[in-house]
Amino acid sequence: MKSKILDAVGISAAVLCLIHCIAFPLLMIIPLGISHNPYIDLAFLVIGAVVVYRLTKHMTSRWLKLLFWGSIVLISVSVLADFIFEVHIPLIYAGAAGLIAGHIINFKNHKH
């Protein structure tokens, strides 16, 4: 049951992250006076990493662990590049999509 809750939190956070990453560049076209804050991306990364760590701690599926941690690495590289070079790398989209897919697969594999 605990794993199902973590999957629900993970799916929600990854979907919100993906919406944020897609919608924010579109909002920057409109002159609203807003600017990108990389700390929001960092917050999504921390939430995702904590959820993935707790999920994969007792997981037996190696490929699913690889999907989860590979997605976290993609997001980490993108966030780190944003902090260091102030460049937004699109790896964050692939990472968020990987987390969503991993959580959905993990949720469907549970015995209900």
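Any idea how far the Cα center of region 53-112 sits from the one of region 17-50, in Å?
17
How far apart, in nm, are the 7 Å Cα→Cβ label points at Ala97 and Ser61?
Spacing of the two 7 Å Cα→Cβ label points: 1.9 nm.
Let me have the 222 nm mean residue ellipticity of the chain computed from DSSP H runs of 4+ only, each contributing -39500 (n - 2.57), with the sum over all residues rounded to the nearest 500. Walk me through the numbers before you get to the answer.
Values: 4 runs with 89 residues, N = 112.
Computed mean residue ellipticity for the chain: -28000 deg cm²/dmol.
Given the convex hull of the Cα atoms of the chain, what is a quarter of its surface area in nm²? Intermediate results must be reported in sequence, preceding the final value.
Details: hull surface 28.6 nm².
Taking the Cα atoms of the chain, their convex hull projects to 7.1 nm² on average.
Treating only the Cβ of Lys, Arg, Asp and Glu as charged (+1, +1, -1, -1), what charge dipole size does the chain show about its Cα centre? Round to the nearest 20 debye. Walk me through the numbers before you get to the answer.
Working: 8 positive and 4 negative charges, 159 e Å.
Result for the chain is approximately 760 debye, rounded to the nearest 20.
Name the helices (complete DSSP H segments) of the chain with a Cα length along the long axis of 30 Å or more and a Kyte-Doolittle mean of at least 0.5, or state none. The partial results should precede the final answer.
Values: long enough: 2-29 (41 Å, 1.74); 62-85 (33 Å, 1.62).
Qualifying helices: 2-29, 62-85.
Computed from the coordinates by the stated procedures, all read-outs in this text should not be read as laboratory data. Given the structure is predicted, the values throughout are model-derived calculations rather than measurements. Cβ atoms come from the backbone with ideal geometry, glycine included; neighbour counts cover every protein chain shown.
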